[in-house]
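All remarks here apply to the structure that follows.
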Amino acid sequence: MLSLPLLLIVWQALAMVFANRLFPSPIAVVEQMGTLALEGRLLSDLGKTLLRAGAAFAIAMVLGTALGLVVGRRPRVDRLFSAWLVVGLNLPAIVVAIVLYIWLGLTELALVSAVVVNKLPLVIVTIREGVRSFAPEYEELARALRFDSWRRFRLIFWPQLLPFVLAAARTGLSLIWKIVLVFEVLGSDGGVGYRVSLMFQFFDVAGILAYTASFILVVLAFEYGVLGPLERRALRWRTAPA
Amino acid sequence: MAHGPGLSIAIAGKRFAADAAPLFAGFRLEVAPGSVVALLGPSGVGKSTLLRLVAGIDTAFDGRIAIDGADAAAAPAPGFVFQDPRLLPWLTVADNLRAAAPSLGREAVEEALARVGLAGQGDAFPQQLSGGMQRRAALARALVANPGLLLLDEPFVSLDAALVREMQQLLAGLIEAGRPTVLLVSHAAEDAARLADRAVVLTGRPVRVAEDVALPIPRARRSGETIAADRARLAALPAPTGQMR
């Protein structure tokens, strides 16, 4: 509870000590956020970046979960593609973006695809580890109770997979929005990254921090408003009082 | 009145690895409808494997296991109680029962739980129950899955003596009430002496029936003395049962 206010207090204190245009206080940044939201393009830029990050996030999660299930359940497929995953995990994001921009042009498709390509291996590996941790005794129970594929997935696989899906979602979101910003700097017609790159040319640190803080607020809202409650509800059996 | 199905077990061959000695070869066992058969024998002899074959969990064998004439794997799900409760921890107790029998309504779930002494526990998660209550919930799940055929794999293992007695009494009552066909795997002669109509002692590799003992006194009429006598009789069977209690 005190963590965030403490950060703001430390920031404010440092800004007062090093009073400089290039080190704005949190109050100045909040004021700038208000100005940019009302008079500038903060909201439309935020919307663009959110749309890109959201699309990339959804595609990477759905595709990564499906592929993670396959490689986790099929050792042969895992052996065949494990090197691909290592390559994917170590591909520099910037290289993927540049190559896709060259191939597909400075388009939304190129940007979202580049983010998906960067995020996908991490989701696959996380889900694969989740599948590997499945308890075989529940599989035996499913066979004894004659579960069909759907019930096996819903009652046996999914509950065991969910903590890994949430972990992948959490790390995915934090990774994706950063990558989106970098790619927007590299080439796009709007969005938080694009605007930050323009502000960089004017050393507009208050503006840069206002944009960054806005996006962080959205991420925090998603974490505490969506992911957190979802996780508490789905995993309530773990914390049910004995 | 017989309620449960008859079992006809004929296993021509079962091995876990191609180059391993067969666990079963030319094994046959007939189980009458509505009878309680205890499968006794030392640890590792193949009792649990036999139960999994009958349950249709393991289908990798040569031969045929018929449940009222149908292949085991194609027959309706049995009521299976594992050595551990094996309740799905992310489901409530009621939902664990519904996982085995999706059409169960709320009242039927409550009734099934009440039968094993768990009335009012449907909304609890398994981890909120004691070990004994979890065992009873597992028994309730087996009963809703298939009250006619119960396959019990060491259902009393790792329970303390008081809980074992409680579970045995509960099971004896359910057997008398429903007349299911029961295969009870155990390495304890006392389980057979208390619950079974027949005790089959397994031995060797490949597994063979070393002894097939009838326990003709009806369960309801068994006294402490008759149980002790049957227990001693079963425990005194020749070498293969040496590890039985």
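The values are calculated or read from the model by the stated rules, or taken from the named source; none is laboratory data. These numbers come from a predicted model, not from an experiment. Note: ideal-geometry Cβ built from the backbone for every residue, glycine included; neighbour counts use all protein chains shown.
What pairs come up if the first residue lies in the range B:211-235 and is under 23 Å from B:G178 (Cβ atoms), the second is acidic (D, E) and surrounded by 10 or more Cβ atoms within 10 Å (Cβ to Cβ), and their beta carbons are under 6 Å apart, counting only those six or more places apart or on different chains?
B:L215/B:D197; B:L215/B:D230
Which of the numbered conditions does A:V87 fail, given that it passes all the others? Conditions: (1) touching a Gly at 6+ places or on another chain (Cβ under 8 Å); (2) over 30 Å from A:I156 (Cβ atoms).
The number of the failed condition is (1).
Yes/no matrix, rows are residues, columns are (1) touching a strand residue (DSSP E or B) at 6+ places or on another chain (Cβ under 6 Å); (2) in a helix (DSSP H, G or I); (3) in contact (Cβ under 8 Å) with a residue 24 or more places away in the chain; (4) among the polar types (S, T, N, Q):
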position	(1), (2), (3), (4)
A:A169	no, yes, yes, no
A:I179	no, yes, yes, no
A:G190	no, no, yes, no
A:F200	no, yes, no, no
A:A210	no, yes, yes, no
A:S214	no, yes, yes, yes
A:A221	no, yes, no, no
A:V226	no, yes, no, no
A:P229	no, yes, no, no
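Looking only at the range B:100-113, count every residue that is in a loop (DSSP other than H, G, I, E, B) and either buried (at least 20 other Cβ atoms within 10 Å of the Cβ) or touching a helix residue (DSSP H, G or I) at 6+ places or on another chain (Cβ under 7 Å) (or both) and tell me the total.
2
Of the residues in the range B:94-117, how many are under 21 Å from the mean Cα position of the chain (by Cα) and under 25 Å from A:A234 (Cβ atoms)?
Looking only at that region, the number is 7.
Filter the range A:1-58 down to the residues that are more than 23 Å from the chain's Cα centre (by Cα) and of a type in the set (D, E), then identify the one that is nearest to A:L175 (Cα to Cα).
In this case the residue turns out to be A:E31.
I'm checking my understanding of the structure. Among residues of the range A:37-88 that are outside any helix (DSSP H, G or I) and of a type in the set (K, R), which one is surrounded by the fewest Cβ atoms within 10 Å (Cβ to Cβ)?
If we take residues in the range A:37-88 being outside any helix (DSSP H, G or I) and of a type in the set (K, R), then A:R74 is surrounded by the fewest Cβ atoms within 10 Å (Cβ to Cβ).
Please enumerate the residues belonging to the range A:213-242 that are more than 14 Å from chain B (Cβ to nearest Cβ) and of a type in the set (S, T, N, Q).
Hit for the range A:213-242 is A:S214, nothing else.
Kindly list the number of the only condition in (1) within 14 Å of chain A (Cβ to nearest Cβ); (2) among the hydrophobic types (A, V, I, L, M, F, W, C); (3) buried (at least 20 other Cβ atoms within 10 Å of the Cβ) that fails for B:L7.
Result: B:L7 passes all but (1).
Could you run through the range B:74-84 and say how many residues are touching a helix residue (DSSP H, G or I) at 6+ places or on another chain (Cβ under 9 Å) and either surrounded by fewer than 18 Cβ atoms within 10 Å (Cβ to Cβ) or in a strand (DSSP E or B) (or both)?
6
On the given criteria, is B:I175 under 23 Å from B:G131 (Cβ atoms) and of a type in the set (A, V, I, L, M, F, W, C)?
yes
Testing B:A73 on (1) farther than 19 Å from B:F27 by Cβ; (2) within 13 Å of another protein chain (Cβ to nearest Cβ); (3) not polar (S, T, N, Q), one condition comes back false. Which one is that?
With (1) farther than 19 Å from B:F27 by Cβ; (2) within 13 Å of another protein chain (Cβ to nearest Cβ); (3) not polar (S, T, N, Q) applied to B:A73, the lone miss is (1).
Quick check on the range B:127-151: of everything there that is assigned to a loop (DSSP other than H, G, I, E, B) and more than 10 Å from chain A (Cβ to nearest Cβ), which residue is surrounded by the most Cβ atoms within 10 Å (Cβ to Cβ)?
Among residues in the range B:127-151 that are assigned to a loop (DSSP other than H, G, I, E, B) and more than 10 Å from chain A (Cβ to nearest Cβ), the one surrounded by the most Cβ atoms within 10 Å (Cβ to Cβ) is B:G148.
Please go through the range A:150-160 and give me each residue that is within 11 Å of chain B (Cβ to nearest Cβ) and over 22 Å from B:A72 (Cβ atoms), ordered by number.
Selection gives A:R154, A:L155, A:W158, A:P159, A:Q160.
Which residues, counting only those in the range A:203-227, are among the β-branched types (V, I, T) and within 21 Å of A:Q12 (Cβ to Cβ)?
Selection gives A:V205, A:I208, A:T212, A:I216.
Within the range B:114-126, take every residue that is surrounded by fewer than 17 Cβ atoms within 10 Å (Cβ to Cβ) and of a type outside the set (D, E) and give me the one that is nearest to the other protein chains (Cβ to nearest Cβ).
Among those that are surrounded by fewer than 17 Cβ atoms within 10 Å (Cβ to Cβ) and of a type outside the set (D, E), it is B:G120.
If B:L50 satisfies all but one of (1) at pLDDT 95 or above; (2) at the interface with chain A (Cβ under 8 Å from one of its Cβ atoms); (3) touching a Leu at 6+ places or on another chain (Cβ under 9 Å), what's the number of the condition it fails?
All conditions are met except number (2).
Residue check: is A:A142 crowded, with 19+ Cβ neighbours inside 10 Å, farther than 24 Å from A:P229 by Cβ and of a type outside the set (S, T, Y)?
yes
Table: residues versus (1) within 13 Å of chain B (Cβ to nearest Cβ); (2) acidic (D, E).
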site	(1), (2)
A:F134	yes, no
A:E137	yes, yes
A:A142	yes, no
A:L145	yes, no
A:D148	yes, yes
A:V185	no, no
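Suppose we filter B:D197, B:D230 for residues that are modelled with pLDDT of 95 or more, of a type in the set (D, E) and touching a helix residue (DSSP H, G or I) at 6+ places or on another chain (Cβ under 9 Å); which single one remains?
B:D197
Answer yes if at least one residue in the range B:85-99 is surrounded by fewer than 16 Cβ atoms within 10 Å (Cβ to Cβ) and within 13 Å of another protein chain (Cβ to nearest Cβ), and no otherwise.
no
Take B:R231 and tell me if it is over 14 Å from the mean Cα position of the chain (by Cα) and surrounded by 13 or more Cβ atoms within 10 Å (Cβ to Cβ).
So B:R231 fits the description; yes.
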